[in-house]
Amino acid sequence: MVRVVLTADQTLMSEYRHIPLLPFFSCAPVERVPEPLFNFLAPYVPDENGIAKYAPYGLRKVEAALLKYYKRKDVVVAHPLYVHRFINSDTKIVAINTMDPFGMGPVSMMFSYGGHLTPYTKKRFNELVNKINSIRRSKNYNFKIVVGGSGAWQFNYIDNDEWDALGIDHVIIGETEHVIGDLFKEIEENYMPKIMNIKTWPSVEEIPVIVGASTHGLVEVMRGCGRGCSFCEPNLRYGRSMPFEKINEEIAVNVKGGQNSIWVHSEDIFLYKVEKRSTLEPNKEAIIELFSNIMNQPGVLHSNPTHGTIAPAVYDPDMITRLSEILRASPDNWIGIQPGLETGSIELAKKIMPFKAKPLSVDEWPEIVIEGTEIFNKNYWFPAYTLVMGLPGETEDDVWDTVYLIDRMEHEIPNKIGKEKTHFTVTPLSFVPLGALKSKGFYDIDSMLTEAHVNLIYRCWRHTILEIDKTLYRFTKLNPILKFAITTLGMSGSRAILWYIKRWAEHRGYKIKQSTITSARVPLS
């Protein structure tokens, strides 16, 4: 009988039809997005006799680490629809991986109007916890419910009544591969506190190789960062680069599981095996060797990095060109990457991310963003930028600087490389107190929203519509009927959101400024 059951809710147990950026849809508000539509766009991963065929990468790491302490028959990664099949009187722990249990993440706080609406991440997490609790009560079992994952920090911000209502016994915050076996043994013996903050990190040797395929074929090649951005949690982690042996083993596991597209995960791919930590110059040859190795693995047809900064592309454009050749980038095979744009304000950048532009100067940040986008686009890379609204110390001028930068990107880049080659998105995120800014408060979109912020949100969505019109049908790899349906939904839905933003601005007495290029870069009077 199963001793430890691992699972996650639908928002993590879906590959969102392999449509780029659609995983952001997990944070959509329940009150605005009908449930049938959400389920259509976020279908569950398949199962094999109730066991998840693909699972979130973090859950796969926990599974692999636990197998050093438990027998294979004692640990299962259960599909959330069939978790009840594996829970019995012998079960000691049901562990849930979560990304955004209370809708407090940066995307959810933006999409849910500062928590006034309910994102699907919160709804699906609550449903899964309630389902597991119902099993425990109805069968009179005494297993422990344990929660961990990238969203576990949110438990520090809820009150005891909400915690008790959920019936969760323990929460683990931090990296756990080196201690998870001992933690679970002690949880079984009732020796552990309600919240466990793990302050240490596993070494590369202590990080196990996954034994089951991950969603999106994700493989971690690096953990931690070091750029010093004050709002960023990964910056607090010690940087570790994974050797090819581990990487190749995990690719083989994914390929065997049916994944031929490999997402290469890191906090910043251009810091892989970085040697010059004072300047953060990319280790070009190591990065090129990394992707050459990945693309040469049997069964791999496509690969792309998850995250990376902009400055290294400007510092060494040839590196991007060579990587594009290795990744077989082309007009029909764009390479996605998610960089942090964060702000268009030089003054704010100096305060909250002084090393973000290394090996270049943060004084050149707006020009780095524009030139970096050009270099990415020339080489068929599609940057999906994120920025942060409501950063501590942010002024109206800082926000207008960001609006102005997006306007410049829309005007200048197509003039240099052509409209057909210009591709990027910008997603505004709400500031949440993480990293070195844990003592600060959440950005409250209801009370702190300004005219500049409304214009910034409008700019981002307006450009998203341009990209949906240009690329969604072309880049969506589904059968023609599904492709048409999703494209139609994307085009109509994004326009509805833009209309809502305009109405929202009018209701607050704010004006939408169509461009800041031809007029002075100052707030509206």
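Structure summary
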quantity: Selection within segment 404-446 - under 21 Å from the mean Cα position of the chain (by Cα), farther than 30 Å from Phe155 by Cα and in a loop (DSSP other than H, G, I, E, B); calculated: His423, Phe424
quantity: Number of the exception - Tyr82 against (1) farther than 23 Å from Trp153 by Cβ; (2) open to solvent by 50 Å² or more (accessible area, probe 1.4 Å); (3) at pLDDT below 95; calculated: (3)
quantity: Hits in segment 380-399 - residues which are over 21 Å from His463 (Cα atoms) and either open to solvent by 20 Å² or more (accessible area, probe 1.4 Å) or polar (S, T, N, Q) (or both); calculated: Pro392, Gly393, Glu394, Thr395, Glu396, Asp397
quantity: Answer from Ile320, Ile269, Ile326, Ile337 - the residue that is open to solvent by 10 Å² or more (accessible area, probe 1.4 Å) and either of a type in the set (Val, Ile, Thr) or closer than 23 Å to Met409 by Cα (or both); calculated: Ile326
quantity: Residue check, Pro43 open to solvent by 10 Å² or more (accessible area, probe 1.4 Å), in contact (Cβ under 8 Å) with a residue 12 or more places away in the chain and either under 26 Å from Arg85 (Cβ atoms) or β-branched (Val, Ile, Thr) (or both); calculated: yes
quantity: Output for segment 374-403, where each listed residue is in a strand (DSSP E or B) and small (Gly, Ala, Ser); calculated: Ala384
quantity: Tally, over segment 318-371, of residues that are farther than 20 Å from Gly226 by Cα and in a loop (DSSP other than H, G, I, E, B); calculated: 8
quantity: For Ser278: the one exception among (1) closer than 23 Å to Asn333 by Cα; (2) at pLDDT below 95; calculated: (1)
quantity: Filtered residues of segment 171-195 (kept if closer than 17 Å to Gln154 by Cβ and surrounded by fewer than 20 Cβ atoms within 10 Å (Cβ to Cβ)); calculated: Gly174, Lys194, Ile195
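Yes/no per residue for (1) touching an Asp or Glu at 6+ places or on another chain (Cβ under 9 Å); (2) within 17 Å of Val94 (Cβ to Cβ):
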| position | (1), (2) |
| --- | --- |
| Asn160 | no, no |
| Ile173 | no, no |
| Thr176 | no, yes |
| Ile180 | no, yes |
| Glu188 | no, yes |
| Pro193 | no, no |
| Met196 | no, yes |
| Thr200 | yes, no |
| Ser203 | no, no |
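The values are calculated or read from the model by the stated rules, or taken from the named source; none is laboratory data. On a predicted model such as this, the values are computed, not experimentally measured, just so you know. Glycine also receives a Cβ, built like all others from the backbone with ideal geometry; neighbour counts cover every protein chain displayed. When the accessible area is computed, the model is the full protein with side chains, heavy atoms only, and any ligands, DNA or RNA have been set aside. Shrake-Rupley method; radii C 1.70, N 1.55, O 1.52, S 1.80 Å.
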